[in-house]
Amino acid sequence: MKLQLTRPIAFIDLETTGINISNDRIVEIAIVKVLPDGTSQPKRKLINPLMPIPKSSSDIHGITDEMVKDAPSFKQVANELKQFMENCDIGGYNSNRFDIPMLIEEFLRVGIEFSIDGRKLVDVQKVFHMMEQRTLSAAYKFYCQKVLEGAHGAEADASATWEVLEAQVERYPQIGNTVESIVKFTGEDDIVDFARRFIKDNGVEIFNFGKHKGKPVTQVLKEEPQYYDWMMKGDFPMNTKQKLTEILNRTLLKKAEN
């Protein structure tokens, strides 16, 4: 069965300076427009984000400040991109949560409306997650080729998890075979609080929610100390409050030392 189209669909993918929709910018956009007759029209552009590209982002997508210094800004290519996607549905991978919101934000910044009214938005990741189970039992069967007996029993699940990890180490050499290498590969060593209310950006704790999203926690605590009290009284996990207090105490200690 082949995909049947009644109108073009534009598959998009973005590379950006980061993952904050409000503050980050596009550095590359690729669009593959597929027509109802099955032919495709690709378009790719490097874009100067008019801001430095963090090394952590360059390490992921390979795009540096030097590579985009002579590239057009988004404003300079916005009309071309809009026209290319005119009357198209839009597809992507995790596109409904990231690529499309980021693209719309960029259009709005340059005063161009890019409406999704009447367009179908096809997120391939959503299909993947709905169709392929992400349970421990499914992982056990995939990696170990065995049926998990006694699933949801704590001991059986814990033992199966160990077997799955051993199988992953065998299957994916790139993750290494030490706890340190695996944690580094998954990025879990940068956890601030487990609710992810704070995350690290180049080693600096920043807010990951609310009106201060993207701002350093220490900066907010200095400029708006009452925000600490609001969070401590709010419905946040104790671990989040603990980490916030640790950051505050560290900030106060540095202030006293100075």
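A short reminder: the numbers here are calculations on the coordinates, not readings from a lab. Computed from a predicted structure; not experimentally measured. Cβ atoms come from the backbone with ideal geometry, glycine included; neighbour counts cover every protein chain shown.
Observations
- Nearest-0.05 FRET efficiency for R109 and Q133, computed from C-beta distance (R0 41 Å): 0.55
- Remark: M130, M67 ranked as M130, M67, counting other beta-carbon atoms within 10 Å and listing the fewest first.
- Given charges at beta-carbon only (K, R positive; D, E negative), |dipole| of the chain in Debye: 600 debye
- Using θ = phi - 60° in the Karplus curve 6.51 cos²θ - 1.76 cosθ + 1.60, the 3J(HN,Hα) couplings for segment 124-133 round to 5, 4, 4, 4, 4, 5, 7, 8, 10, 4 Hz; x is entered for Gly and Pro.
- Cβ-placed point charges (K, R +1; D, E -1), dipole of segment 1-96 about Cα centre in debye, nearest 20: 220 debye
- Sum of -39500 (n - 2.57) over DSSP H runs of 4+, divided by residues of the chain (222 nm, nearest 500): -12500 deg cm²/dmol
- Segment T64-I191, extension gain: residue separation times 0.36 nm, minus the distance between their alpha carbons: 43.1 nm
- Among C88, C144, the order by Cβ neighbours within 10 angstrom, fewest to most, reads C144, C88.
- Derived scalar couplings ³J(HN,Hα) [segment 30-36; Karplus, 6.51 cos²θ - 1.76 cosθ + 1.60; whole Hz; x for Gly, Pro]: 10, 10, 10, 8, 9, 8, x
- Relative to the Cα centre, the charge distribution of segment 198-257, modelled as +1 at Lys and Arg Cβ and -1 at Asp and Glu Cβ, gives a dipole magnitude of about 60 debye.
- For the chain: relative contact order, % (alpha-carbon pairs under 8 angstrom, 6 or more apart): 11 percent
- Of F198, F185, the sequence from fewest to most neighbouring Cβ atoms within 10 angstrom is F185, F198.
- Amide H contacts under 5 Å for D201, placed H, 5+ residues apart: I206
- Segment 198-257, relative contact order [Cα under 8 Å, separation at least 6], %: 19 percent
- Using the Cβ-Cβ distance between N202 and Q125 with R0 = 35 Å, the FRET efficiency computed as 1/(1 + (r/R0)^6) comes to roughly 0.85.
- Projecting the Cα atoms of F114, I31, I90 onto the dipole axis of the chain, where Lys and Arg carry +1 and Asp and Glu carry -1 at the beta carbon, places F114 farthest toward the positive end.
- Segment 21-171, relative contact order in percent, only Cα pairs under 8 angstrom and at least six apart counted: 17 percent
- Between E28 and E15, I47, the built amide H atoms are under 5 Å apart, and every one of these is 5 or more places off in sequence or on another chain.
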